[in-house]
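The values are calculated or read from the model by the stated rules, or taken from the named source; none is laboratory data. Everything quoted here is computed from the prediction, not taken from an experiment. All Cβ positions, even for glycine, are placed from backbone atoms using ideal geometry, and neighbour counts span all protein chains on display. Quick note on the areas: whole protein, heavy atoms, side chains included, nothing else; ligands and nucleic acids left out. Shrake-Rupley method; radii C 1.70, N 1.55, O 1.52, S 1.80 Å.
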Amino acid sequence: MEIKRRYRVWAAALPALALLAATGCDRSTDAGTEPKAAAPSTSMARSVAQVCAKPAAGPEQAPAGAVTVDPSVTGDLAAKTKNSPPNTTFWLRPGTHRLEPDRYAQVVPKEGDSYVGAPGAVLDGRKTNQYAFGGTASDVSLRHLTVRGFVAPQNEGVVNHDSADGWVIEHTTIQDNSGAGLMAGARQQVRASCLRGNGQYGMNAYKDGGPITGLVVEGNEITANNTDDWERRKPGCGCTGGIKFWAVNGADVRGNWVHDNRGAGLWADTNNNDFRIEDNVLEANDGAALIYETSYNAVIRNNRFLRNNRVEGRKYADRGDTFPFATIYLSESGGEPRIRARTDKIDIYRNVLENNWSGITLWENADRFCNSPANTSSGDCTLLVPHSGRCERRAITSAPLYSDCRWKTQRVDIHDNRFVLDRAVVDCTVKCDRMAVLANYGTYPDWSPYQGEGVAEAITLKQHNRWHDNVYVGPWKFVAHDPSRVLDSVQWQSPPYQQDVGSTFTPQAGG
């Protein structure tokens, strides 16, 4: 996550059909005739992926051919894994299982191993062991198991510590650990699981050398993560949230309940591509519900965003910050047809946003580009220019590198959404009512070809960012070009902006 020089940027599953019915969206509608979302059902959020309170129970008897693991024997799980061939199934008896009392003691699966917990089976790190399951073996599965009490360091994870490929985590509770509860590898599937109360992330989808391909996150409850409050410990680290995604190429994130996380709910950061984020409920996260940063090509549809960003949005408003901190925040992210994906834009539609702190902000930092000292993405370059050295000061003054060395917020299509704001419910009087498309005035470095208002003009008027056919209920305002330009709906719809063609505005509170 970047810290801007002029404006600080802040830091069992429900079937999809039931979720769509609750939001008033009908998949049977003919293509090209998308309806407006109906009034939301306040009870719907409570029925989605409520797996932490009611986890599915594992088998009471050992599956055929399984190796039985005894909780009374310290280290039994790791030892039997070591002494068994690949593709072994292990059944953990009811009770609390423990590893040897060494910080690096862990279970190292072999390829194709499967771990199944009986009702009440827990693997407890006792605040001693750093990792529960590690190693590079592929196609490992965990089911019906609780993993708790491990103390992974910052940015490291407890389950699948080494980001091996093809893991399946189902009906598993990963809670009360330090660091990330779970790492991710290619083709990983995380389904119907509870990622709760972990010190940094519920899941850190990061693989050294990446990218991660074919990630599925479906029907999970992701809640109360970042208990160690890393943004306070390391201000501006951009290292917290329910789930963080890094260089993931192809992800389906659907049917999850992402709520009450300290910081962001879902955060895709640096060269992610081809995301489908759909049929989720994102509720009461302290910061943005969804951040899509320096990334490409996504579909964000049929989600409900409820009561998000009230803590962080209010904090910055109280400090007098004029930046439009939003519930859905796109930072230097857009559609790029030259990068292969299931869409060539960022398509945001059929979502309901209700009583959050502000709505959607599209942002681009004029000073942030590949090879700029202001680029906080650890030396990464865009997906169009793999090597940052190509973006040297003479080369970026002309095409194609003038364009390709920037992560650009472009080709964003925001339509057929419902935005509801009642200031009395949100308990605010100012700065909680914004929809925005803007950039800063370029100043840095002194050799940058992007100085001045050029980037602000481009993101606002030239990069095909469009709002249209939305429903607004409440006293919404609109920010264009820079934070000083706060518009009403008439100005927003008029030249030169001409946004929200076909949209309706009902200014009274409620809805």
Would segment 66-73 turn up any residue that is open to solvent by 40 Å² or more (accessible area, probe 1.4 Å), assigned to a loop (DSSP other than H, G, I, E, B), of a type in the set (Asp, Glu) and at pLDDT 90 or above?
yes
If I ask for residues that are of a type in the set (Asp, Glu) and buried (at least 18 other Cβ atoms within 10 Å of the Cβ), which ones from segment 419-468 would you list?
Asp433
Just the residues that are over 22 Å from Ser138 (Cβ atoms) and open to solvent by 40 Å² or more (accessible area, probe 1.4 Å), please, taken from segment 81-95.
Arg93, Pro94
Would you confirm whether or not segment 19-30 contains a residue that is surrounded by fewer than 13 Cβ atoms within 10 Å (Cβ to Cβ) and modelled with pLDDT of 95 or more?
no
Do you know which residues across segment 272-298 are aliphatic (A, V, I, L, M) and within 13 Å of the chain's Cα centre (by Cα)?
Ile277, Val281, Leu282, Ala288, Ala289, Leu290, Ile291, Ala298
Among (1) at pLDDT 95 or above; (2) polar (S, T, N, Q); (3) under 11 Å from the mean Cα position of the chain (by Cα), which single condition is Asn225 missing?
(3)
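Scan segment 440-486 for residues that are aliphatic (A, V, I, L, M) and farther than 30 Å from Pro337 by Cβ and jot them down.
Across segment 440-486, the qualifying residues are Val473, Val486.
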Provide a single number: the residues in segment 77-101 that are of a type outside the set (Phe, Trp, Tyr) and not in a loop (DSSP other than H, G, I, E, B).
12
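Out of everything in segment 325-355 that is among the acidic types (Asp, Glu) and part of a loop (DSSP other than H, G, I, E, B), what residue ends up being nearest to Val299 (Cα to Cα)?
Looking at the filtered set, the residue picked out is Asp344.
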Mind checking which residues of segment 170-188 are surrounded by 24 or more Cβ atoms within 10 Å (Cβ to Cβ), in a strand (DSSP E or B) and touching a Cys at 6+ places or on another chain (Cβ under 9 Å)?
Ile174
Looking only at segment 224-249, which residues are open to solvent by 10 Å² or more (accessible area, probe 1.4 Å) and not in a loop (DSSP other than H, G, I, E, B)?
Trp230, Glu231, Arg232, Arg233, Asn249
How many residues are surrounded by 15 or more Cβ atoms within 10 Å (Cβ to Cβ) and not hydrophobic (A, V, I, L, M, F, W, C) if we restrict to segment 469-511?
18
Looking only at segment 346-360, decide whether some residue is open to solvent by 20 Å² or more (accessible area, probe 1.4 Å), of a type outside the set (S, T, N, Q) and over 18 Å from the mean Cα position of the chain (by Cα).
yes
